[in-house]
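Below: one structure, written as structure tokens.
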Amino acid sequence: MENTNKSLKVNIGGVMLKNPIVTASGTFGFGKEYGEYFELSRLGAICVKGLTLTPRPGNPPPRIAETASGILNSVGLQNPGVEAFVKHELPHILKHDTKVIANIAGNTLEEYCHMAQIISDSATDLVEMNISCPNVKQGGVAFGTDAEMVYNITHEVKKYCKQPLIVKLSPNVTDITQIAKAAESGGADALSLINTLLGMRIDIHTKKPILANNVGGLSGPAIKPVAVRMVWQVASAVKIPIIGMGGIMTGSDAIEFMLAGASAVAVGTANFSDPLACVRILEEVESYLDKYEITDINDIVGKVAVHRK
Amino acid sequence: MYKQTYLCEIVEKKQLAPEIIDMTIKSKELAADALPGQFLNIRCGDGCSTILRRPISICDVDPAADTLRFIFQVKGSGTQFLEAKQCGDTLDIMGPLGSPFHLLEKVDGDVILLGGGIGVFPLFLLAKSIYEKGVKPTAYLGFRSADLVVMEAEFKQYTKDVKVSTDDGSYGMHGYATAYLINHIKNKKVGLVYACGPEPMLRQVQSICHENKVRCQLSLEQRMGCGIGACLVCACKIKKQEGFAYQHVCKDGPVFWSEDVVFGGE
């Protein structure tokens, strides 16, 4: 039975999303293209393509390779730069009734702070600090794999951020809970995880890697169990909300992440096989709530009933 | 109105040559909008174990019958999935996508279509469209070997002349179809060249057209993600004042003016 009174609202660092469905940075551009397929105001939030201080051309192609239940990508943060985003892309997104998350990636601490400052003066709702991009030489993941550096960068960037700060974590670490705790003590308002896992594919006939960058980030259902496990571990280590992601293709996948402890979920790779994936997943999440007569989606967050050992 | 994906019934399927499959699907919406050079992005699996759709160029359209035709080579898991589909089965299709071949109102000289391998197929709808505008193009089609030569008779209906070459000389001229282009430019005035095929062929066409100051459009290929310009994976180098900028084959292309294209190293 459909329960029309159910609440899908979730709170990410003080910003209320109308529902927990967020687009994963890098898979959704600035919303324009998918906005031709559905009304963007259906989304809880749009997390835009990773931004850098100055425009970046990105890596040479090929930038994508298919793998079993996944894809490898190495776009290399092609983007017009944070100022062009604020000036030319943000106004278009603001026409839709959804929240905007600006994903920023820097080469240096100063760059992150400068970008946070530029974003602070815009109508962006949240900032997602990407310290986990595996596809760029400098910065990116280098910042995200050392707990002390994560604490420092979060602490510094937070000073320039008027909006709540989300720190996006890399799975390419020994213990993700240490990194998560460092971000939390540094002042992060929320965490998003996981970014892609570093991977590689080789064409056995040419003996060359398929990606021009040789290696790239693995996403899709192949990484989902790893992502769910990490969300579960991090949820028990920190108090701040989590946006969970990694291979969410269906409403059931989204629910799984929420049971593990995610307050919201991001849909990325699924957009490629189904341009309406976000809307479909939202509807599937709603049917789950109806089926189990859950009136507030927050009631399932972190409610995995773990086996006692 | 929002765009959507369409579930389309396969109404015809034939094998034209080894590993070359010719498929016709029914879709009023796709048939109404399709232009030469555009492509369909076809789901080739459950969308979960095989995530990426396969971009396949449109070979022909029949708006009266609401049908579209595409021809593909069976290469990997995606196209194997397509090959296994039968008449009456449905396919999940996004499209028509990409920016089409530019048809010019007036061309000063002959119009040449140059296709290599599977690059021949998108030129068919182009040939028809040019023919319907009252111009008969000339088609030069290159294949690996005689057993792979297809569509020669079909191209004849809409062209002044069709010439075929094979890499191994087992049919038509021994060599590459670009040799026909060089010869044609030597003997007659060529106004416009349209080319689709493997990158080495396109590079050659680009330099031939550049040397002879002939305008030319190239249809490029690159591994794609979303197919609509959001994910930025299918990058290609396009000239700008200083150096190049990456544009994207799925949305800015697949068709580009030859003089704008910068081919990568190697």
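List of remarks:
- Strands (runs of 3 or more DSSP E) contained entirely in the stretch B:209-266, each with at least 1 residues that are within 12 Å of chain A (Cβ to nearest Cβ): B:235-239, B:244-248
- Residue within the stretch B:85-103 that is surrounded by 22 or more Cβ atoms within 10 Å (Cβ to Cβ), farther than 27 Å from residue B:49 by Cα, modelled with pLDDT of 95 or more and out of contact with any Pro (no Cβ under 6 Å at 6 or more places or on another chain) present: no
- Being at pLDDT below 95, within 21 Å of residue B:217 (Cα to Cα) and among the β-branched types (Val, Ile, Thr) is a property that residue B:107 has.
- Listed by first and then second residue, the pairs linking a residue in the stretch A:290-307 that is within 17 Å of residue A:17 (Cβ to Cβ) to a residue that is hydrophobic (A, V, I, L, M, F, W, C) and outside any helix (DSSP H, G or I), with Cβ atoms under 6 Å apart and 6 or more places separating them unless they lie on different chains, are A:297/A:8.
- In the stretch A:29-56, the residues that are free of Cβ contacts under 8 Å to residues at least 24 places away in the same chain and within 8 Å of chain B (Cβ to nearest Cβ) reach residues that are surrounded by fewer than 18 Cβ atoms within 10 Å (Cβ to Cβ) and in a loop (DSSP other than H, G, I, E, B) with C-beta atoms within less than 9 angstrom, at least six apart or across chains, in these pairs: A:36/B:2.
- Single unsatisfied condition, residue A:174 versus (1) surrounded by fewer than 21 Cβ atoms within 10 Å (Cβ to Cβ); (2) among the polar types (S, T, N, Q); (3) not in a loop (DSSP other than H, G, I, E, B): (3)
- Note on the stretch A:182-241: residues that are touching a residue at least 24 places away in the same chain (Cβ under 8 Å) and acidic (Asp, Glu) amount to 2.
- The lone exception for residue A:40 - which of (1) within 30 Å of residue B:78 (Cβ to Cβ); (2) out of contact with any His (no Cβ under 8 Å at 6 or more places or on another chain) it fails: (2)
- Test: residue in the stretch B:184-192 that is touching a His at 6+ places or on another chain (Cβ under 8 Å), part of a strand (DSSP E or B) and surrounded by fewer than 22 Cβ atoms within 10 Å (Cβ to Cβ): no
- In the stretch A:7-22, the qualifying residues are those that are of a type in the set (A, V, I, L, M), within 17 Å of the chain's Cα centre (by Cα) and within 18 Å of residue A:257 (Cα to Cα), and the one that is surrounded by the most Cβ atoms within 10 Å (Cβ to Cβ) is A:22.
- Count of the stretch A:267-307 residues which are of a type outside the set (A, V, I, L, M, F, W, C) and outside any loop (DSSP other than H, G, I, E, B): 13
- Verdict on residue A:153 being within 18 Å of residue A:115 (Cα to Cα) and either in a helix (DSSP H, G or I) or without any contact (Cβ under 8 Å) to a residue 40 or more places away in the chain (or both): yes
- In the set (1) part of a loop (DSSP other than H, G, I, E, B); (2) closer than 25 Å to residue A:108 by Cα, residue A:159 fails one condition alone, (1).
- The number of residues in the stretch B:104-141 that are over 17 Å from residue B:35 (Cβ atoms), assigned to a loop (DSSP other than H, G, I, E, B) and acidic (Asp, Glu) comes to 1.
- In the stretch A:23-59, the qualifying residues are those that are over 16 Å from the mean Cα position of the chain (by Cα) and of a type in the set (Gly, Ala, Ser), and the one that is farthest from residue A:71 (Cα to Cα) is A:41.
- Being exposed (fewer than 14 other Cβ atoms within 10 Å of the Cβ) and among the polar types (S, T, N, Q) is a condition met by at least one residue of the stretch B:15-37.
The values are calculated or read from the model by the stated rules, or taken from the named source; none is laboratory data. The model shown is predicted, which means the values in this text are computed figures rather than measured ones. Note that we place each Cβ from the backbone using ideal geometry, even for glycine, and neighbour counts take in every protein chain shown.
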